[in-house]
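Report on the following structure.
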Amino acid sequence: MEITIRELQTDEQAPYALLLLADPSLKLVNEYLPRGICFLAMYQKEIAGVLVLVPTRPETREIVNIAVKEEFQRKGIGKQLIHFAIHKAREMHTKTLEIGTGNPGVGQLLLYQKCGFRITGVDQDFFVRHYKEEIYENGIQCRDMIRLSMDI
Ligand code: COA
């Protein structure tokens, strides 16, 4: 699918519906948005996807949010956004790129590993500790965060 990727402009509203699709906590989204760079995948004039890249530790950045509009999913946009983020992170002298996903996120786990991430650990009960409401995906509760990382 022919898309272009660009940064969200300072005078532009962030695509909250998309950001909340990946992360139902508005509080957390508003906390990390100003600390990171928000990339938009554009299909013609429409925002088809979003990715937020945040510096976490020295030479380390994390993709804290990635989402693709439902009607655009499974067309390679998520993969393109991640490859774009890897390229940008390298330009910013990042050595380690990290990402996390909930325990039910089998599609996400496949996508991230296809992009080169390796599983490094599990943050047990992350979603129970940090989210007020219970989250369900693929018929099971999202409790633990699977952590993945890549040397870039
Ligand atoms: N089930 C199984 N495999 C999946 C998958 C799914 N739902 N989504 C992605 N994959 C894997 C497949 O191997 C796919 O390759 P294929 O289509 O050739 O089989 C590969 O990842 C590339 O997928 P791609 O088309 O680039 O992903 P996408 O554009 O659909 O974006 C998400 C993936 C996760 C960003 C998108 O599904 C989404 O926005 N989901 C809701 C929000 C979310 O969960 N965000 C992540 C929070 S951790």
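The values are calculated or read from the model by the stated rules, or taken from the named source; none is laboratory data. As the structure is a computational prediction, the values presented were derived from the model and not from experiment. Backbone-built Cβ (ideal geometry, glycine too); neighbour counts: all protein chains shown.
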Hey, can you tell me all the residues within segment 121-152 that are more than 17 Å from the chain's Cα centre (by Cα) and of a type in the set (S, T, N, Q)? Q124, N138, Q141
Counting only residues that are among the charged types (D, E, K, R) and within 15 Å of E62 (Cα to Cα), segment 7-41 contains a total of 3
If we ask which residues in segment 1-26 are of a type in the set (V, I, T) and at pLDDT below 95, their number turns out to be 1
Name every residue in segment 129-152 that is of a type in the set (D, E) and exposed (fewer than 11 other Cβ atoms within 10 Å of the Cβ), in order of residue number. E133, E134, D151
For segment 106-131, how many residues meet the condition of being of a type outside the set (A, V, I, L, M, F, W, C), more than 9 Å from the ligand (Cβ to nearest atom), free of Cβ contacts under 8 Å to residues at least 40 places away in the same chain and out of contact with any strand residue (DSSP E or B) (no Cβ under 8 Å at 6 or more places or on another chain)? 3
If you take the residues of segment 71-93 that are over 14 Å from F39 (Cβ atoms) and touching a residue at least 12 places away in the same chain (Cβ under 8 Å), which of them is farthest from the ligand (Cβ to nearest atom)? H93
Any residue in segment 22-40 that's touching a residue at least 60 places away in the same chain (Cβ under 8 Å): show its pairings with residues that are surrounded by fewer than 18 Cβ atoms within 10 Å (Cβ to Cβ) and aliphatic (A, V, I, L, M) at Cβ separation under 8 Å, as long as the two are six or more apart or on different chains. P24/I135
N103: passes all of (1) within 19 Å of S25 (Cα to Cα); (2) near the ligand (Cβ under 10 Å from one of its atoms) but (2)
Determine which single condition V54 fails, assuming it passes every other condition in (1) more than 12 Å from the ligand (Cβ to nearest atom); (2) over 23 Å from M145 (Cα atoms). (2)
Collect the residues in segment 22-40 that are under 16 Å from L8 (Cβ atoms) and either aromatic (F, W, Y) or part of a helix (DSSP H, G or I) (or both), keeping them in residue-number order. A22, V29, N30, Y32, L33, P34, R35, F39
